[in-house]
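All remarks here apply to the structure that follows.
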Amino acid sequence: MSEPTTTRSELVDLDAAQTSELDRRHVFHSWSAQASLAPMVITKAQGSHVWDGEGHRLLDFTSQLVFTNLGHQHPRVVSAVQEQAAHLCTVAPQHANAARSEAARLVASHTPEGLDKVFFTNGGADANEHAVRMARLHTGRPKVLSTYRSYHGGTQLAINLTGDPRRWPNDQAATGTVHFFGPYLYRSAFHATSQEEEGERALEHLAQVIALEGPGTIAAIVLESIPGTAGIMVPPPGYLSGVRALCDRHGILLVLDEVMAGFGRAGRWFACELDGVVPDLLTFAKGVNSGYVPLGGVAISAEVAATFDERPYPGGLTYSGHPLACAAAVATIRTMEDDRVVEHAAALGEEVFAPGLEALRAEHAWIGEVRGTGAFWAVELVADRATREPLAPYVGTSPQLTSVVAACKRRGLLPLAAGNRIHLVPPLTTSADEVREAIGILGEALGEVAATA
């Protein structure tokens, strides 16, 4: 019997209209009321651009869901997946394989010192689920603290860790999660007037929450190193190290969620480097392989890993460390090293995003604040700068924000709208000229909509 071969006729080849019609007939979309959906069809992508169903090319400043860190169709990553598929397409996780072993080595070579063991998952939500499970088993404590303005995933525990409104319909108050306020100077919960005050008062608040909840009941504090979907709020200097000190004082594990901020997005391999903090557990996904094949994981400290030296870890996934995903991770990390992608992202933040967005803020009254680092930026839109009234509500959108997004698309920019903000989160390989083009388009869109409001 001859070996089977794959021909082009076995691959899906639909036009945009057929794609859209079948989507609406058969696909159930996440986070959406289904009846009114009209998803944009993407027919192809390359580098920093995508093409919609009508043939329009758009600068992708969403990185889809902030994961295409090397851009679309990177030849080195595509080739790695193809070569791995031809060699060893899949294998059960109880067996060692070269792609997973090398991916784990490369991840550990960039995580903070001491996080040398890697447990692979299929994405960020299950990475956070397993990190919390490890923390609870290691400490023997039930509770987990996380911030209100946060997102940690859509599975049951992860969505309860999450602080944003997507938690509400899923919150049965039975997962042992407790929320507190993180630092956010622009809308300070602590009446702070400087980043220093905000950081200090946020730490005082957290210390009170720990004391009132009972330190001996708390297994872990879970934080996004930089909250992403919630608004890209870079913590004040010293905040993360202050949380680390509180954890050490009370025997609480620190879990840092680097799913969105990690692998170069913040201009560092991991955003916790900005404050020199080493967590007990670090979760990752998205940028580890530019999202080409689903992959996430937990980087584990030696102390936590030792808990399971003689005691079996009660958890696993059928596709943990899938060879195709790990091959994509190996190619992604090596490319980032060889092409100095992290350094490029840092330069984009310092030299292009920061001055360009600040100039945009000075020009447009709807922009209350711009903030970010690396290729990770938020433009906060307000109806009134004096009162800081958001241009869109905390839950939902507004006609003005919808119009701004539409005006951007007409001009060739795909932005990421979140609450009353526009997030600009392009591939880390995006050029300085492409960033300037995107900022210019956003400025034109704001001017057009504001003039008719």
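Just wondering, is there one or more residues in the stretch 318-325 that are modelled with pLDDT of 95 or more, assigned to a helix (DSSP H, G or I) and more than 22 Å from THR62 (Cα to Cα)? If you could, list the steps in order and put the result at the bottom.
Initially, the stretch 318-325 is screened for residues modelled with pLDDT of 95 or more, giving 318-325.
Now restrict to residues that are assigned to a helix (DSSP H, G or I): 323-325.
Then drop every residue that is not more than 22 Å from THR62 (Cα to Cα), which leaves 323-324.
Yes - at least one qualifying residue is present in the stretch 318-325.
Are there helices (runs of 4 or more DSSP H) fully within the stretch 342-453 with at least 2 residues that are buried (at least 16 other Cβ atoms within 10 Å of the Cβ) and in contact (Cβ under 8 Å) with a residue 60 or more places away in the chain? List them. Working first, answer last.
Numbers: elements: 354-363, 399-410, 432-452.
In the stretch 342-453, the matching helices (runs of 4 or more DSSP H) lie at 354-363, 432-452.
Identify the residue in the stretch 141-162 that is more than 19 Å from the chain's Cα centre (by Cα) and in a loop (DSSP other than H, G, I, E, B) and, among all such residues, is surrounded by the most Cβ atoms within 10 Å (Cβ to Cβ). Talk me through it step by step, then tell me what you get.
Quick first cut of the stretch 141-162, residues more than 19 Å from the chain's Cα centre (by Cα) only: 141-145.
Retained after the next criterion (residues that are in a loop (DSSP other than H, G, I, E, B)): 141-142.
Numbers: ARG141: 20, PRO142: 11.
The qualifying residue surrounded by the most Cβ atoms within 10 Å (Cβ to Cβ) is ARG141.
Taking the stretch 163-183 as the search range and keeping residues that are farther than 24 Å from GLY238 by Cα and not in a helix (DSSP H, G or I), which one is most open to solvent (accessible area, probe 1.4 Å)?
At the first step, the residues of the stretch 163-183 found to be farther than 24 Å from GLY238 by Cα are 164-177.
From the residues that got through so far, the ones that are not in a helix (DSSP H, G or I) too are 164, 171-177.
Numbers: ASP164: 16, ASP171: 62, GLN172: 142, ALA173: 94, ALA174: 81, THR175: 29, GLY176: 34, THR177: 32 Å².
Only one residue tops the list, namely GLN172.
For a quick check of your reading of the model, give me the residue pairs whose first member lies in the stretch 76-89 and is open to solvent by 50 Å² or more (accessible area, probe 1.4 Å), whose second is not small (Gly, Ala, Ser), with beta-carbon atoms closer than 8 Å and at least 6 apart or on different chains. From the stretch 76-89, the pairs are ARG76/ARG334; ARG76/THR335; LEU88/ASN97; LEU88/PRO323; CYS89/PRO323; CYS89/LEU324. If you filter the stretch 281-330 down to residues that are among the hydroxyl-bearing types (Ser, Thr, Tyr) and under 16 Å from ALA127 (Cβ atoms), you find that the one that is nearest to the chain's Cα centre (by Cα) is THR283. Number of residues in the stretch 234-272 that are more than 24 Å from HIS138 (Cβ to Cβ) and open to solvent by 10 Å² or more (accessible area, probe 1.4 Å) equals 7.
What number of residues in the stretch 273-294 are open to solvent by 10 Å² or more (accessible area, probe 1.4 Å) and in a loop (DSSP other than H, G, I, E, B)?
The first filter runs over the stretch 273-294 and keeps only residues open to solvent by 10 Å² or more (accessible area, probe 1.4 Å), leaving 273-276, 278, 280, 286, 291-294.
Pick out the ones that are also in a loop (DSSP other than H, G, I, E, B) and you get 276, 278, 280, 291-294.
Going through the stretch 273-294 one residue at a time, the tally reaches 7.
Selection of the stretch 327-353 for residues being under 12 Å from GLY264 (Cα atoms) and of a type in the set (A, V, I, L, M, F, W, C) yields ILE333, MET336, VAL341, VAL342, ALA345, ALA346, ALA347, LEU348.
Report, by residue number, each residue of the stretch 187-239 that is among the aliphatic types (A, V, I, L, M) and assigned to a loop (DSSP other than H, G, I, E, B).
Within the stretch 187-239, ALA189, ALA192, ILE226, ALA230, ILE232, MET233, VAL234 qualify.
For the stretch 120-140, the set of residues classified as in contact with a helix residue (DSSP H, G or I) (Cβ under 6 Å, 6 or more places away or on another chain) and not in a helix (DSSP H, G or I) consists of THR121 only.
Condition first: of a type outside the set (Asp, Glu) and either open to solvent by less than 20 Å² (accessible area, probe 1.4 Å) or in a helix (DSSP H, G or I) (or both). Now tell me which residues in the stretch 301-317 satisfy that.
Those that are of a type outside the set (Asp, Glu) and either open to solvent by less than 20 Å² (accessible area, probe 1.4 Å) or in a helix (DSSP H, G or I) (or both): SER301, ALA302, VAL304, ALA305, ALA306.
If you filter the stretch 102-140 down to residues that are in contact (Cβ under 8 Å) with a residue 24 or more places away in the chain and of a type in the set (Lys, Arg), you find that the one that is most open to solvent (accessible area, probe 1.4 Å) is LYS117.
Taking the stretch 372-405 as the range and being within 22 Å of the chain's Cα centre (by Cα), more than 12 Å from ASN420 (Cβ to Cβ) and among the hydroxyl-bearing types (Ser, Thr, Tyr) as the test, only THR373 passes. The one condition from (1) polar (S, T, N, Q); (2) in contact (Cβ under 8 Å) with a residue 40 or more places away in the chain; (3) farther than 30 Å from ALA96 by Cβ; (4) open to solvent by less than 20 Å² (accessible area, probe 1.4 Å) that THR335 does not meet is (3).
Evaluating SER63 against the criteria (1) open to solvent by less than 50 Å² (accessible area, probe 1.4 Å); (2) at pLDDT below 95 leaves one unmet condition, (2).
The values are calculated or read from the model by the stated rules, or taken from the named source; none is laboratory data. Small disclaimer: the values here were computed from a predicted structure and weren't measured. Note: ideal-geometry Cβ built from the backbone for every residue, glycine included; neighbour counts use all protein chains shown. We work out accessible area using only protein heavy atoms, side chains counted, and drop any ligands, DNA or RNA first. Shrake-Rupley method; radii C 1.70, N 1.55, O 1.52, S 1.80 Å.
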